[in-house]
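Take a look at the structure set out below.
The values are calculated or read from the model by the stated rules, or taken from the named source; none is laboratory data. Treat the numbers as computed from the prediction; the structure is a model and nothing was measured. Glycine gets a Cβ as well: all are built from the backbone with ideal geometry, and neighbour counts include every protein chain shown.
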Amino acid sequence: MSTRTCRGRCDRQIVPSRHTPAPGQARHLSRDLCSGCYDYARRHGTLDDHRRIHRPLAETIEDWEFLASQGVDRDEAARQLGIAPVTLRQAIQRWNRRHDLTHTSELEGAAA
Ligand SMILES: [Zn+2]
């Protein structure tokens, strides 16, 4: 499992939200921030500084597939990923195009 460092103030390792953080780690909430740093940024109006993370498309799709498998719909998944619903939809479409999925994909179907 890969971990990243929180981009907020805590310097902790953040783990994907579906994982249980070990001592000294924190769960990723959104925008490469743990929930504490996310709250801090939101309260101090600096959340936008963290908006443009370079989120690999494959990672977005991986997270979406996981959430969809848990019965989370696409809008809610987008909220949990910290991206706009339209952004997630475009990411899925981009992924499908890239992989030349000509049929109605499981990705799209999962949210129905
Ligand atoms: Zn943090």
Checking the condition under 17 Å from Cys6 (Cβ atoms) and of a type in the set (A, V, I, L, M), which residue from Leu88, Leu67, Leu81 passes? Leu81
Scan segment 28-49 residue by residue and report those that are acidic (Asp, Glu) and within 10 Å of the ligand (Cβ to nearest atom). Asp32, Asp39
Among the numbered criteria (1) part of a helix (DSSP H, G or I); (2) at pLDDT 90 or above, which one does Arg97 miss? (2)
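Return the only residue of Thr60, Thr87, Thr20 being out of contact with any Asp or Glu (no Cβ under 9 Å at 6 or more places or on another chain), without any contact (Cβ under 8 Å) to a residue 12 or more places away in the chain and outside any loop (DSSP other than H, G, I, E, B).
On inspection, the qualifying residue turns out to be Thr87.
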Testing Arg27 on (1) of a type outside the set (A, V, I, L, M, F, W, C); (2) outside the structural domain of Ala91 (by TED's automatic domain parsing); (3) without any contact (Cβ under 8 Å) to a residue 12 or more places away in the chain, one condition comes back false. Which one is that? (3)
